[in-house]
1. Quick one: which residues, 5 or more positions from Asp343 or on another chain, have an amide H under 5 Å from its amide H? H modelled 1.01 Å from N in the peptide plane, none for Pro or chain starts.
2. Taking the Cα-to-Cβ direction at Arg101 and at Ala313 and moving 7 Å from each Cα, how far apart do the two end points lie in nm?
3. Output needed: Cys residues of the chain lacking any neighbouring Cys C-beta below 4.7 Å, sorted by number.
4. With labels modelled as points extended 7 Å from the Cα through the Cβ direction, what inter-label distance (nm, one decimal) is found for Ser389 paired with His452?
5. Working only with C-alpha atoms, what are the Rg and Dmax values of region 188-414, expressed in angstrom?
6. Quick one: order Lys410, Lys258 by neighbouring beta-carbon count within 10 Å, fewest to most.
7. Multiply the residue separation of Ala219 and Val71 by 0.36 nm, subtract the distance between their alpha-carbon atoms, and state the gained length in nm to one decimal.
8. Describe numerically, in nm with one decimal, the distance between label points set 7 Å from Cα along Cα→Cβ at Arg39 and at Ala468.
Amino acid sequence: MLKETTHATVPEGDDVFATAAADRHDARPRAAPVPAGGRLKAAVATLGCKVNQYEAAAMTECLAAAGYHLVDPHAVADIYIINTCTVTQGADHESRQLIRRARKLNPRAAIIVTGCYAQTAPHVFSGMPGVAVVAGTREKNRMGEIIAALRDRHPQGMEAPPAVYVASVNGYEEADFPPISRFPDHTRAFLKIQDGCNAFCSYCIVPYARGRSRSIGAAEAIARIESLARHGYREVVLTGIHLGVYGEDRRDGSTLAKILRHVEDYRLVERLRLSSLEPREIDDDILAIMSAARIVCPHLHIPLQSGDDGILARMGRNYDRAFFQELLQKAASLRPDMTIGMDTMAGFPGEDEKAFANTLDMVAAAPIAYLHVFPYSRRPGTAAARMDSHVPEEEKKRRCRILRELGGRKRRRHLERFVGAVLPVLVEGRENRRGGAFRGLSHNYLSVIFKHGSAVTTNAIIPTKITALANDRALLGTPAHER
């Protein structure tokens with residue numbers, strides 16, 4: 001039974017839904033059956049991380065199984081589910097834009113706002129036209145019940161204040177991640193095995209939106225990898241909000257290395273990729289598996305954030321510059337086809353010119369292939385928001401531009417290393433919707449565009465001879481058997 005709340009959190013232990021007695025790890029979210037009058041059109045629009053994308057796929061699968069007609073978020077629908085992100089001010093803005101777009105597409109549609117922004121700031125949506133429900137991060141699994149309650153509450157779609165279902169994320173709860181069998185519009189499947197974060201870096205709102213770290217068991221994760229492989233996925237990407245602490249909340253011995261080793265030994269899928277891992281959590285076991293792997297992809301994405309020890313301390317990061325440099329060298333030396341990416345943040349409070357120069361110097365010397373650059377974004381409620389010495393917006397933009405230009409040069413140099421090589425490439429589809437050449441992704445995370453006329457098929461892994469750079473972000477190749 002659905003209980004409505006009217007504020008951002010509810011007292012610990014007061015769940016907004018009655019808990020089913022079924023096994024929480026295997027229970028799929030339940031959707032209300034479609035009435036005899038016809039199929040309602042539903043659309044799910046999502047922003048943000050791979051975890052959000054996984055959760056959007058789970059909601060989509062739930063609604064499709066219940067008989068709803070799923071349409072593109074750009075199409076006219078009866079129900080729009082907006083799966084928000086709040087990691088930056090830009091993400092907040094994009095989330096609101098998606099709501100306005102849905103309202104414009106169909107002014108009579110019911111709009112359900114969920115995700116991290118809905119969890120941390122539900123009041124923002126109370127006055128937005130068309131918003132019928134605000135649902136927090138822990139309510140995503142009950143989207144079918146929410147829609148049923150909405151239709152009972154407003155059978156004619158009349159305007160009314162939104163219903164708010166936002167449970168507290170304080171305290172620990174067991175992992176409850178619905179499995180999926182399809183990942184719409186993707187040849188690679190994301191698999192969420194962990195959620196939440198205990199780190200509380202000073203700039204980050206995510207622990208307040210997602211709660212404490214929790215993981216499914218290794219046996220369950222392995223079973224889900226096997227299931228995705230049976231459904232035709234050749235690559236599975238393991239993901240989580242704080243993937244590197246996977247299993248630490250459990251008492252059954254589940255570890256990330258154990259999953260990697262099992263998949264590697266038994267070849268459960270053709271490719272297994274790791275999403276972002278924090279520096280302190282890339283241990284020798286993971287590096288040893290990756291060094292000789294046939295299935296685990298030679299690709300690491302490691303957040304740096306800053307190359308200045310003083311800024312790292314203010315951020316609440318648990319490593320220093322020297323540790324990170326040593327880790328990079330160790331990872332880069334594992335194998336010649338290794339690809340390493342990094343995150344950096346520009347303009348954190350207190351970052352003066354010397355601190356920024358330290359980051360630039362470190363990035364310039366780092367053996368990396370690409371760089372994701374973010375301006376510091378002030379998040380209400382975080383420790384950094386209360387700090388002094390905030391950097392002006394224009395200066396943050398300048399520093400981001402400099403870092404992105406440096407990252408572009410690093411990417412080009414890394415791509416050039418593979419001209420003349422043969423790489424296994426997973427064909428993902430056409431380069432653009434109007435047709436043209438096919439594109440794909442190599443095992444070591446390089447974008448490859450196939451020459452026009454190449455005999456390739458979507459969702460095939462093809463040995464590909466790299467002939468040149470297609471542009472500053474991709475390689476040009478042709479199937480090796482055609483040469």
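1. Residues meeting the criterion, in which the H sits 1.01 Å from N, are Ile302, Leu304, Gln305, His372.
2. If labels sit at Arg101 and Ala313, their model points lie 4.4 nm apart.
3. Cys49, Cys62, Cys85, Cys116, Cys197, Cys297, Cys400
4. The modelled label-to-label distance comes out at 5.6 nm.
5. That works out to 18.3, 54 Å for Rg and Dmax.
6. Lys258, Lys410
7. Difference between extended and current length: 49.8 nm.
8. Inter-label distance under the simple model: 4.6 nm.
The numbers here are math on the coordinates, done by the rules we state, and not lab data. Fair warning: this is a prediction, and the values are worked out from it, not measured in the lab. Every residue, glycine among them, receives a Cβ derived from its backbone with ideal geometry; neighbour counts consider all protein chains shown.
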